[in-house]
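Below you'll find the structure, written out as structure tokens, and then a few comments.
Where a number appears in this text, it was derived from the coordinates with a stated rule and is not lab data. Just so it is clear, the model here is predicted, and its values are computed rather than measured. Cβ atoms come from the backbone with ideal geometry, glycine included; neighbour counts cover every protein chain shown.
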Amino acid sequence: MATETILLIETSLDDCHPQVAGYVLERALELGALDAYITPVQMKKNRPGIVMTIVAWPAQRDVMVSLLLRETSTLGVRVLPCEREVLERQIITVLTEFGTIAMKVAGDKAAPEFEDCRAAAKRHNVTLRSVMAAAMAAYAHNRNK
């Protein structure tokens, strides 16, 4: 297990259009955020709102703060340094009937890479679930050899 220092960069909004919120999260991920998400909250004067959170490396601080200030109506953001514990992981590939799928493996946990599965599902006109199941089956088969 490894300890990493990351930042939670967040702002509370009570006037953010859902399409704008989706765009901002998408941009944060495109710019290299580790994660980006929205949490519904009850704000002052009983107004429904959201907390928009971006998880990023410290080196990405200025880019992510600028994104929130530029693309939302917020007048300020909170930047919270924190530590996270992560399992060491590796990427391996498995061969399935739908092609090669990358798998993220950490200890006894494994998960197929979503983008590989999505592309294979589209390419073969099958369900995403079937590609993911095939990848897990191929991983289990290779692991038990």
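Here are the numbers for the structure shown:
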{"quantity": "Cβ-based net charge around GLY99, under 14 Å, with every Lys or Arg adding one and every Asp or Glu removing one", "calculated": "-1"}
{"quantity": "Kirkwood-based shape ratio for the stretch 2-86, expressed as Rg/Rh from alpha carbons", "calculated": "0.98"}
{"quantity": "Förster radius 41 Å - calculated FRET efficiency between LYS145 and THR39, Cβ distance, rounded to 0.05", "calculated": "0.40"}
{"quantity": "About the Cα centre, charge dipole magnitude for the stretch 2-86 (Lys/Arg +1, Asp/Glu -1 at Cβ), debye", "calculated": "380 debye"}
{"quantity": "The chain, helix-only ellipticity at 222 nm - DSSP H runs n ≥ 4, -39,500 (n - 2.57), divided by all residues, nearest 500", "calculated": "-11000 deg cm²/dmol"}
{"quantity": "Order of THR53, THR3 - criterion: other Cβ atoms within 10 Å of each residue's Cβ, fewest first", "calculated": "THR3, THR53"}
{"quantity": "Surrounding net charge for LYS44, when Lys and Arg each add one and Asp and Glu each subtract one, Cβ distance under 15 Å", "calculated": "0"}
{"quantity": "Theoretical gain in end-to-end length, HIS17 to LEU31 [0.36 nm per residue, Cα-Cα removed]", "calculated": "2.9 nm"}
{"quantity": "Per-residue Cβ neighbour rank within 10 angstrom, fewest leading, ILE101, ILE38, ILE54", "calculated": "ILE38, ILE101, ILE54"}
{"quantity": "Given (1) 21, 19, 14; (2) 36, 16, 12; (3) 36, 19, 13, the label whose value is semi-axes √(5λ) of the Cα gyration tensor in Å derived from this model", "calculated": "(3)"}
{"quantity": "Relative contact order [Cα under 8 Å, 6+ residues apart], the chain, whole percent", "calculated": "24 percent"}
{"quantity": "Highest-first arrangement of 81-89, 127-135, where packing means the average Cβ count within 10 Å", "calculated": "127-135, 81-89"}
{"quantity": "Förster radius 25 Å - calculated FRET efficiency between ARG47 and LEU69 (Cβ-Cβ, nearest 0.05)", "calculated": "0.75"}
{"quantity": "Residues of the stretch 47-90 with amide N under 16 Å of the 7 Å Cα→Cβ point at ALA106", "calculated": "55-57, 83-90"}
